[in-house]
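Asker: Before I ask anything, let me first share the structure, which is written out below as structure tokens.
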Amino acid sequence: MRMKQIALVVAACCLGSSLVAQDQPVRPKITGIDHVRIFVTDIDKSRDFYRKLMTVSYREGPCDESVDSCLAVRWGTDESIELRKAPASGAKNWVAQIAFGTDDVKRMRAYMLAHGVAVSEISEQAKCAHFEVLDPQGVGISFVERFFRQTDFITTLIERLLHAGFVVNNMAAENHFYRDILGFRLYWRGGFHDDGLDWYEIQVPDGDYWIEYMLNIPANADHQELGVQNHFSFGVKDIHEAVNELRRSGLQKFDGPEIGRDGKWALDVYDPDGTRVELMEFAPVQKPCCHPYTAPHPQP
């Protein structure tokens, strides 16, 4: 009799656990980077720089009401670079926001709340809806659901966004947020030395875009150093052709091209406020240092 009672209690506990698990919201898809928002001091000057870099006209689709200018990464896609006037006091991270695409913004918000993450209310516009959150480092994050997709493609130098990077000084907290809660997966890690860890790249769970932790940065790093570290990247098919296009568009100053420690061709340009913009090929041309890639490479 005693054993039967124990069995009934265990069965009830298991059933209760199952019901609790079923009540937990399931994470919707996180498909890529929707936009990167940049703080700038001079809207016109920065807009001119990004237009030369991206060789496109202004985005005709919707921008968030809080930004001052919005440029399409490539016509026919929803990816964009948003420019926002920097606060008078400046900012520590001039990459003001990284926005991720999702297929269900309401479910995503419910999922975040269920995991104890503080989030904003959902803001809905005619063609998209989004909410905002700060990650454990205080980096501005947004999740965006698009209700309308561009259909007309115009080819430019830039193929698409690839990744965004930012300074991280508490890797465990960031990994709990991005890997444990959101499901990001390791893409590559490496350092200036083969046994070092200075860059840690993790891809979104349902796409090939990634974010990059910039590690071992001094707490007293100045604006110039932070502009190098807090950055974002565009994908190009041929880095050497990209050099020719940049020169034709009037941008003459850049670092590279060179093959990085990750085995990929890349070059760096800097916007008028010192924020680094990386142009990178999609796949490595040689074996990377330190650690092999552990997820698929992005596609044009």
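Derivation of every value follows stated rules applied to the coordinates shown; laboratory data play no part. Please read all numbers here as calculations on a predicted model, not as lab measurements. Note: ideal-geometry Cβ built from the backbone for every residue, glycine included; neighbour counts use all protein chains shown.
Asker: Between residue 43 and residue 197, what is the spin-label point distance in nm, taking each point 7 Å from the Cα along the Cα→C-beta axis?
Answerer: 4.3
Asker: Taking the Cα of residue 223, stepping 7 Å toward and past its beta carbon, and measuring to each backbone N in the stretch 79-93: which are under 13 Å?
Answerer: Residues 86-93 fall inside that zone.
Asker: Looking at the chain, what % of the alpha carbon pairs are farther apart than 28 Å?
Answerer: Numbers: 18274 of 44850 pairs.
For the chain, the share of Cα pairs beyond 28 Å comes to 41 percent.
Asker: Once you've got the GNM for the chain with C-alpha springs shorter than 10 Å, pick whichever of 33, 81, 181 has the biggest mean-square fluctuation.
Answerer: Greatest mean-square fluctuation among the candidates belongs to 181.
Asker: Would you mind giving the three semi-axes, in whole Å and largest first, of the ellipsoid equivalent to the stretch 30-146 according to its Cα gyration tensor?
Answerer: Working: eigenvalues 123, 64, 23 Å².
Value: 25, 18, 11 Å, ordered largest first.
Asker: Let me ask you something else. Work out the charge dipole of the chain with +1 on the Cβ of Lys and Arg and -1 on the Cβ of Asp and Glu about the Cα centre, then indicate which of 224, 118, 240 is farthest towards its positive end.
Answerer: 118
Asker: For an R0 of 22 angstrom, estimate the FRET efficiency from the Cβ-Cβ distance between residue 291 and residue 137 and round to the nearest 0.05. Don't skip to the answer; put the middle values down first.
Answerer: Numbers: r = 23 Å, r/R0 = 1.04.
Between residue 291 and residue 137 the formula returns 0.45.
Asker: So what's the back-of-envelope 222 nm ellipticity for the chain, counting only DSSP H runs of four-plus at -39500 (n - 2.57) apiece and dividing by all residues, rounded to 500? Mind dumping the intermediate values first?
Answerer: Numbers: 6 runs with 67 residues, N = 300.
Taken over the chain, the calculation gives -7000 deg cm²/dmol.
Asker: With +1 assigned to the C-beta of every Lys and Arg and -1 to the C-beta of every Asp and Glu, and no other charges, what is the dipole magnitude of the chain about the Cα centre in debye, to the nearest 20?
Answerer: So the magnitude is around 740 debye.
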